[in-house]
Amino acid sequence: MHISVSYWYTEMNMNQTLWHALSIAEVRARLSVDTQQGLSVKETQQRLAENGSNTITIPPADTLVTHIIREVVSPISLVLIFATGAAVLVGAFIDAAVIAPAFLINVVIGVFQGYRATRTFEALKKKEAKRASVVRDGQKKEIPAGDVVKGDVVLLLMGMAVPADVRIFESHSLSLSEMALTGEWAPVSKNPQPVDADAPLADRSNMAYAGTFIVSGSGRGIVVSVGDDTELGSIAQDIGTHMDTRTPLSRDISHAAWILLGIVSVAITIIFGLSIFDGLPFTQAAIVSIAVAIAAVPEGLPAAITVVLAVGMRRILAYGGLVKSLLSAETLGVTSVIVVDKTGTLTEGRMRVVEIATRQGETDDLSSVRAREVLKAAIIASDGYAEPVEDPSPAPEKLVAHGRPIEQAIILAAFTAEVSEPIVRKEFPRHDALPFNATRRFGGMLVKEGDGYMTYLSGAPEVFMEKEDSNSTLSLALHRAMYSGKRVIAVARHKMSEELFPADEEGISEIARHATIIGLITLSDSLRLNVPPAVSAMHDAGIRVLMATGDNPETALSIARSARIAPISEEVYTGSNLASMSDDELYQALMKRTVFARVTPADKLRIAEVLQNSGEVVAMTGDGVNDAPALRAAAIGIALGSGTDVAKEASDLILLKDDFSTITLAIREGRRLRDNIKKIFTYLIATNFIEVFLIMASLAGRMPLPLLPLQILWINLVEGGPMNMAFTFEPLYPSAMRRQPKDTENAHVLSPKMLKFIAGISISTGFLFTIIFVVLLRSGLPENEIRTVLFIATSLATLLTAFSFKSFGTPIWKISFSSNRMLLYALAGNILLLLVALGVPALSSVMGLTAIPLTDAWLILGAVVSTIFIVELYKYILYIRPEKKSIKMRVQV
C-alpha cells in the first residue's frame, strides 16, 4: 500500500511528545525548567550547542549552471546541438547560424521556468520572529529569537510574534492570530489547560506556535520546539520535498521529444550508414543526415509555445490573475480537481452583522429601533473603538474600527445604522472592564447609568441562555443561525450597586446568570457573490471542486452548500477521519465527498498528493503559511493577492483582486492555450515529417536530395514560424468548456488519435511529394529547378493547410477564416517572404533556388490542393465521423 511522504511525516510527528496534552507540571519536569527562574545562562548555552539555533533551514538551491545543464540535455536541445555541430564540422556555417538561435531560445525558456523555488523559503524566513523576551536566571531579558532554546520561559506580549512553539502556562486574556498556520481569521483565546491528545492544531488552546502573532492580552509559556522542529519548520520541510516545477505540459513535451529524439537518432544512423555504404563522401553523408535532423525537429516549437503562453499570461492578467510561470498558464486547462480553502477564498474573509434577534423577533434591518438598541449595548460591552478618517461621509469604508474582528464588525454595522461609537462612549463612560476570557466565554463593561451602575456583557449565547425556553424566539433564532454555520453572540445587562466587578470568578459568573438578554447578534463571513456561478461553470467543465478548511464542520458545510460545492445531503469528513484512512481509502473519500473540515496543513498536503498519485491534475487554493506545502505540491497553486508572502511565493497563480471567478476565467484561458498548443504541435510535426518522408524516400531510391538543409530551415522557420505564432490568437471554441479534462483525447498534447492523424498526413502527403519528385527527375529537369518546385509546393502547402488545423472537428469550408485575423496576416506576410526568397538573386543563390516556368504552377497548385484534401480526409476519418456517430447515439438514447 502506498503511503505518501507527508503522511509518513505526520505519523512520525505523532510519535513525538504531544505537549498540548500534558499538564504544566509534566512539561516542566520533561524540560527541566523552573517557570519562575527560567533556565540558567549556562544551561541555555549548552542546549544551543546541542540542538542548534532557533532558525529554519533553507535547502540548497540549484545553481544557474545546474539549470542550464538540465536544459542543454533535454531531447529537443540535443537534436539541435547535433545539427548545429554537424553543420559546423562540414562547413555549412549558414545552416549552423540559423539552427543555433533555436537552440539558445529553447535553453533560455527552460532556465527561466525552473528558477523560482528558493523565493518561497525566503518568504518563509520572514515569518520568523526577530526578537524574543525570555526569563533566564530569574531575570527578564530580550534576546535574538534565533538564540531561544527548548525549555526557555518566554513572555508573550501583545503585538509580538511568537518566537518558537510554546506551551502556555499563564494567560491573561491572551489571544493569538493563527491565520498564517490555520487559515482562519478569528483570533484564538488561549488558556493553560491541557487538551485532548488528538486535538487538531486549530483546537490546541494551550499552545502558541512560531509564526503566529499576539493580538491581545499577555501570558507566559515554555518553549517546547525550536527551528526545524516547530510547526513552521515542518511546513518548510514539506515545501522542500515538493520542488519539482514540471507541469503536465512540460512532461508531455518532454515525453514526446524523447520519442522524437529516438526516431530521429535511428533515422540519422540508418541514413548516414546507407549513405557511406553507397559511396557518398563523408561530408555529403553528413549533409544528408543534417537535412533529416532539421526536417524532423520542430525548431520553432519552443518559441511558438513561449509566445502562446506569454499571450495567455497577459490575458489572465487582464482578468485579475498573475501567472508566475509560463507553463502554469496551460496547466489550468487540464485541471481535473480544485481544492479550495474557505476563508478569504470563497468568503470575504471578514465578519459582517447580518441579523439581530430580540424577544420581539428577528430582523436584518439594522437601522430599526430594536436593532439599534442591541448594537448600542454591544458597543458598550466591547473593548473596540472607532477612528474616523479625514472624509467625514457616513459610510463604513470611511471609518477605521479597532478591536477583535467581531467587535470591528459590530462597530461598522452600528455606524451604518447611525449609532456612533464615540457618542455612545461619552453617554456611558466606563467605570470598570471585564476582559473577554476563553474559559468564562464572555466579557463586558461596567458603566454609570442613572443613580447606579449597569453591567453590559457580550459573549457565547449559552452562557446567558441556560434558563431560556427551547421554543422561545431567541432559542429558535440561535438554532437557525448555528445550523447555517453563522456566528452568534449574545448581549445582556445586569444592574449593580457596586462600581467594580467582583474579584472572584464565582462572583462574575453570578452576574452572568442573573443578566437579562437584550438580543442576539448574528455574524457571517459572507460568501462572495460570484462564487456560486463560478463553481457551476467548473462543474460544467468536468472539474471536481472540493473544500478543505481548518474551520468547524457546520460552518464549512453551510458555506459549501451556498457555494454549490456540496449537495444538501452532504456529510463532512474531518481531519481526524482522514488520519485513520489509507491513501486508497482517502482517494475514495475524495471522490465521494466534497467537504473536509478541521484539516491540518499535513492533511491538505496529503490530499494533494493522493489525488495526483491517482492521476488527477490538482489546483489548490490558499492564502496562509500553512497552505504553502500543498500549494507547492499541487500541479498549480493558487494564492490570494491578500494572502501571505509565503503562499504567494509557493503558488503559480495569484488572484490579484481575491476574485474567485478569476479561476474560472483562467481555466477557460488555460483550455484555449492547450488547444492552441496542440494545434501548433500537430501542425509542426505533421508538416515537418512530410519533409522527412520525402528525404528518406529519395535516399531509399538512391535519388539526390529533394530539398537542401537551408531550404528546409526556411520552410520550417521562416514560412511555418509566423503561422505557428498566429495560432496564439485562435479563439476558444464553445465546446471546450463542456468537455471532461481527463478525456484521453484532451489529457495529452499528443494523444493516440493525434499520432494517427500526424502519421496519416505525413506518410500520405510525403508519398504524394515523392511521386512528384520522381516524375520531375525523369523529365530531365535540372536539380535546382526541381528543388525550387518542391520548395514552393511545400511552402504553400505548409501555409495553406494551417487553416485546416484551426479545428480538427470542423471541415475547412465551415471554418471561419476571419475568427483569427493574425493567421491571415501571417499568410500574406509569408507569401511575400516566399516571393523575396525567389526574387532576390543573392538570397535565392544562397538557398539554391532558381527561376521556373509558369507551366510548373499547375503542378504546384495540384500538390497544394491535394495536401489540403489529405488533411481534411484524415480529419473526417478520425474526428468528424466519430463525433457524428457519437451525437447520433446520444440522440437515440
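Which of the residues that make up the stretch 774-805 are of a type outside the set (A, V, I, L, M, F, W, C) and surrounded by 22 or more Cβ atoms within 10 Å (Cβ to Cβ)?
Arg787, Thr788, Thr794, Ser795, Thr798, Thr801, Ser804, listed by residue number.
Mind listing whichever residues of the stretch 693-714 are modelled with pLDDT of 85 or more, aliphatic (A, V, I, L, M) and part of a helix (DSSP H, G or I)?
Result: Leu694, Ala697.
Taking the residues in the stretch 457-477 that are in a loop (DSSP other than H, G, I, E, B) and modelled with pLDDT of 85 or more as candidates, determine which candidate is farthest from Ala378 (Cα to Cα).
Once the filter is applied, the top-ranked residue is Ser472.
Can you tell me how many residues in the stretch 783-836 are of a type in the set (Ser, Thr, Tyr) and within 22 Å of Ile695 (Cβ to Cβ)?
Residues meeting the conditions: 5.
From Thr794, Thr788, Thr765, grab the single residue that is more than 38 Å from the chain's Cα centre (by Cα) and farther than 23 Å from Val871 by Cα.
Going through Thr794, Thr788, Thr765 in turn, the sole match is Thr788.
Give the residue, chosen from Pro752, Pro731, that is surrounded by fewer than 19 Cβ atoms within 10 Å (Cβ to Cβ), modelled with pLDDT of 75 or more and more than 21 Å from Thr331 (Cβ to Cβ).
Answer to the check: Pro752.
Mind checking whether some residue in the stretch 531-545 is at pLDDT below 90 and touching a strand residue (DSSP E or B) at 6+ places or on another chain (Cβ under 8 Å)?
Within the stretch 531-545 (the criterion being at pLDDT below 90 and touching a strand residue (DSSP E or B) at 6+ places or on another chain (Cβ under 8 Å)), the answer is no, since none of the residues qualifies.
Can you give me the number of residues within the stretch 398-433 that are under 19 Å from Ile214 (Cα atoms) and touching a residue at least 60 places away in the same chain (Cβ under 8 Å)?
3
Counting only residues that are hydroxyl-bearing (Ser, Thr, Tyr) and modelled with pLDDT under 95, which one in the stretch 832-873 is farthest from the chain's Cα centre (by Cα)?
My answer is Thr855.
Where in the stretch 523-633 are the helices (runs of 4 or more DSSP H), entirely inside, with at least 3 residues that are more than 19 Å from the chain's Cα centre (by Cα), assigned by TED's automatic domain parsing to the domain that holds Lys342 and under 21 Å from Ile667 (Cβ atoms)?
Of the helices (runs of 4 or more DSSP H) lying wholly inside the stretch 523-633, those with at least 3 residues that are more than 19 Å from the chain's Cα centre (by Cα), assigned by TED's automatic domain parsing to the domain that holds Lys342 and under 21 Å from Ile667 (Cβ atoms) span 531-540.
To keep it simple, each residue is scored yes or no on (1) touching a strand residue (DSSP E or B) at 6+ places or on another chain (Cβ under 9 Å); (2) surrounded by 17 or more Cβ atoms within 10 Å (Cβ to Cβ); (3) in the same structural domain as Val41 (by TED's automatic domain parsing).
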site: Pro144; (1), (2), (3): yes, no, yes
site: Arg167; (1), (2), (3): yes, yes, yes
site: Ser177; (1), (2), (3): yes, yes, yes
site: Val188; (1), (2), (3): yes, yes, yes
site: Asp198; (1), (2), (3): no, no, yes
site: Met207; (1), (2), (3): yes, yes, yes
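Got a number for residues in the stretch 634-659 being surrounded by 24 or more Cβ atoms within 10 Å (Cβ to Cβ) and either assigned to a loop (DSSP other than H, G, I, E, B) or over 12 Å from the mean Cα position of the chain (by Cα) (or both)?
Result for the stretch 634-659: 6.
Listed residues Lys604, Lys648; which is in contact (Cβ under 8 Å) with a residue 12 or more places away in the chain, within 19 Å of Ala329 (Cα to Cα) and basic (Lys, Arg)?
None of the others qualify; the one that does is Lys648.
Which of the residues spanning the stretch 645-684 are under 21 Å from Ala534 (Cβ atoms) and among the aliphatic types (A, V, I, L, M)?
Within the stretch 645-684, Ala647, Leu653, Ile654, Leu655, Leu656, Ile663, Leu665, Ala666, Ile667, Leu673 meet the criteria.
Can you pull out every residue in the stretch 559-570 that is at pLDDT 85 or above and either small (Gly, Ala, Ser) or surrounded by fewer than 22 Cβ atoms within 10 Å (Cβ to Cβ) (or both)?
Ala560, Arg561, Ser562, Ala563, Arg564, Ala566, Pro567
Hey, could you check the stretch 478-494 for residues that are in contact (Cβ under 8 Å) with a residue 60 or more places away in the chain and part of a helix (DSSP H, G or I) and say which is farthest from Glu468 (Cα to Cα)?
Filtering first and then ranking leaves Tyr483.
Rundown of residues vs (1) closer than 23 Å to Gly643 by Cα; (2) under 35 Å from the mean Cα position of the chain (by Cα), yes/no style:
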position	(1), (2)
Val154	no, no
Val162	yes, yes
Lys190	no, yes
Ile214	yes, yes
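Considering every residue within the stretch 682-692, establish whether at least one is out of contact with any Leu (no Cβ under 6 Å at 6 or more places or on another chain), outside any helix (DSSP H, G or I) and at pLDDT 85 or above.
Scanning the stretch 682-692 turns up no residue that is out of contact with any Leu (no Cβ under 6 Å at 6 or more places or on another chain), outside any helix (DSSP H, G or I) and at pLDDT 85 or above.
Considering (1) among the polar types (S, T, N, Q); (2) in a helix (DSSP H, G or I); (3) surrounded by 13 or more Cβ atoms within 10 Å (Cβ to Cβ), say which one Ser886 fails and leave the rest.
Condition not satisfied by Ser886: (3).
The values are calculated or read from the model by the stated rules, or taken from the named source; none is laboratory data. Every value quoted in this text rests on a predicted model; they were computed, and no experiment measured them. Cβ: placed from backbone, ideal geometry, glycine included. Neighbour counts: every protein chain shown.
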